[in-house]
Amino acid sequence: MRIIDKINLIDNIGRELQSRFTYEEINGFLAEFAVSPPQNVTVNSKWIYVKTALRGVATETILKIADELGMEVSASPTSASLPPENWQDTKLFRLFISHISKDAQKATRLKEALVPFGIDAFVAHEDIHPTLEWQSEIERALRTMDGFIAMLTEGFSQSNWTQQEVGFAFGRGAKVISFKMEDEDPTGFISKQQALPRRGRNADAIAAEIEMILAKDERTSGRLAEAKKALKGEEPDEDLPF
């Protein structure tokens, strides 16, 4: 997120809390995000009070506060987005698995096979809690993913949802892998790419090849390397923040 966008968001959060809460309630609300009350605020303004408290607070925390308040956050390419719930605390590589609903179990099996490689895959039917707004969570995953894989099975090309997901991935310039699991040829944006064939292999073998593809691509290799360090409990490089 650009600094100016973050400043504007903090400003809007200040005005929102000013209109909703007392000083004591503001302190209690911010404490839930581990934000301490500001010191040496002499002006009797809850707006300034909140802005002072949020000065220097991590961008991800600011986004979580905005989300809790139901505030809109710019989704422009230069702005950060809050990840979906299952990715908010992960330091692993974020891979979005696009699939049609009948193949949710297959996508989940692939997700499990990717974990040993430092890859945390997003599978909509697996990772969205029933109480969360599912479309919003999918949009968050698409905005914050590190890579994208299209699981090509019968019906994938006819699904409006999967085609929108593919278009979103290409619009972001994300690394896209097409995985031909059945006799479904890639169409649209991914038709020009050579698909990764299944060839009767199991999920573990496919996961290993996906890891190799991501490790060789300059758009994903650095991020994947940092994810592997995190998986081993090692500290990430300072110039590659999560």
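Yes or no: residue 106 under 30 Å from residue 154 (Cα atoms) and either surrounded by 13 or more Cβ atoms within 10 Å (Cβ to Cβ) or of a type in the set (D, E, K, R) (or both)?
Numbers: under 30 Å from residue 154 (Cα atoms): yes; either surrounded by 13 or more Cβ atoms within 10 Å (Cβ to Cβ) or of a type in the set (D, E, K, R) (or both): yes.
Considered against the rule, which asks whether it is under 30 Å from residue 154 (Cα atoms) and either surrounded by 13 or more Cβ atoms within 10 Å (Cβ to Cβ) or of a type in the set (D, E, K, R) (or both), residue 106 comes out as yes.
The C-beta contact set for segment 42-56 (first residue among the aliphatic types (A, V, I, L, M), second residue not in a loop (DSSP other than H, G, I, E, B), distance under 6 angstrom, 6+ apart or interchain) comprises 50/14; 50/17; 53/30; 54/10. Looking across 18, 88, one residue alone is more than 25 Å from the chain's Cα centre (by Cα), modelled with pLDDT under 90, over 30 Å from residue 155 (Cα atoms) and of a type outside the set (Ser, Thr, Tyr). It is 18. The residue that is nearest to residue 225 (Cα to Cα), counting only those in segment 117-127 that are at pLDDT 95 or above and open to solvent by 10 Å² or more (accessible area, probe 1.4 Å), is 117. For segment 17-70, taking the residues that are charged (D, E, K, R) and surrounded by 12 or more Cβ atoms within 10 Å (Cβ to Cβ), the one that is farthest from residue 83 (Cα to Cα) is identified as 46.
The values are calculated or read from the model by the stated rules, or taken from the named source; none is laboratory data. Predicted model, so just to flag it, every value in this text is computed and none were measured. Cβ coordinates were reconstructed from backbone atoms using ideal geometry, including for glycine residues, and neighbour counts include every protein chain displayed. For the accessible areas, the whole protein counts, side chains as well, though only heavy atoms, and no ligand, DNA or RNA atoms are used. Shrake-Rupley method; radii C 1.70, N 1.55, O 1.52, S 1.80 Å.
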